[in-house]
Amino acid sequence: MYNRSKFFVLLFVVIGGVLTFGRAENTTARQHGGGGGNSSGHDVAANLQPTHAAFAGEWQGQLEYRDYSNNKRVKLPTLLDVSASPDGASLVFRYTYDDGPGKTVKSVEIVSIDLAGNKFVFVSEGGKDRTEYKVDGLGEFSEKHRGTLLLTGAGVENDQPVEVRKTITVADKTLTVLKETKPAGGAFSFRNQYTFTRVDKTASE
């Protein structure tokens with residue numbers, strides 16, 4: 001069994017993030033020309049709603065990541081709950097990881113989608129980390145509310161700068177997020193992948 005303290009370090013690397021929940025909402029509102037109660041902010045939320053709906057809901061599946069200490073892949077059962085922020089301008093991703101019998105680890109991430117700027121911004125709970133990605137395929141995705149998005153940005157791995165590539169694929173009942181990284185002069189390699197199936201609440205009723 002892997003060391004639990006090491007898992008927290010690896011989980012920090014896997015999640016990434018940005019700003020506090022409140023700050024993330026306010027930043028998104030300012031980017032689009034207003035704060036709470038501003039009609040422009042309501043317009044932004046309304047425009048984002050169909051795209052947000054593709055992610056919203058409860059998901060179950062797993063996180064698979066590469067453990068750099070031994071280069072082995074580790075799989076953790078994972079639950080994901082995605083909902084809109086109170087102002088509707090962002091999405092709140094709540095992860096629950098099964099870390100063994102009776103042990104769970106929870107994390108929260110704020111995701112802001114800029115349709116006009118073709119950008120995704122990931123914000124960690126507590127406001128320590130902020131990661132911004134350019135996005136390919138967002139226009140078509142926002143029309144069909146499903147499909148594949150290719151996110152590219154910069155990151156740090158083992159104290160070295162790397163290029164980061166995330167491939168997000170959303171279908172009617174599945175969600176996958178593949179993260180790959182590339183050091184200077186190297187090639188992209190697997191870092192981690194989330195694989196989820198949408199929870200069908202009607203089946204349990």
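The values are calculated or read from the model by the stated rules, or taken from the named source; none is laboratory data. Since this is a predicted model, take the numbers as computed values, not measurements. All Cβ positions, glycine included, derive from the backbone under ideal geometry; neighbour counts span all protein chains shown.
Observations
- T96 passes every criterion in (1) at pLDDT below 95; (2) out of contact with any Gly (no Cβ under 8 Å at 6 or more places or on another chain) apart from (1).
- Matching residues in the stretch 150-182 - criterion: being modelled with pLDDT under 95 and either closer than 20 Å to K134 by Cβ or in a strand (DSSP E or B) (or both): G155, V156, E157, Q160
- Considering residues of the stretch 123-146 that are in contact with a Phe, Trp or Tyr (Cβ under 9 Å, 6 or more places away or on another chain) and within 16 Å of L48 (Cα to Cα) only, the residue modelled with the lowest pLDDT: L138
- The stretch 72-112, residues that are part of a loop (DSSP other than H, G, I, E, B) and over 12 Å from the mean Cα position of the chain (by Cα): S85, P86, D87, G88, A89, D99, G100, P101, G102, K103
- Screening the stretch 183-205 for residues that are within 21 Å of N71 (Cβ to Cβ) and in a strand (DSSP E or B) and picking the one that is farthest from the chain's Cα centre (by Cα) gives P183.
- Scanning the stretch 75-105 for residues being loosely packed, with under 15 Cβ neighbours inside 10 Å, more than 30 Å from A46 (Cα to Cα) and touching a residue at least 60 places away in the same chain (Cβ under 8 Å) gives a total of 2.
- Selected residue (criterion: modelled with the lowest pLDDT) from residues of the stretch 36-50 that are crowded, with 19+ Cβ neighbours inside 10 Å and not small (G, A, S): V44
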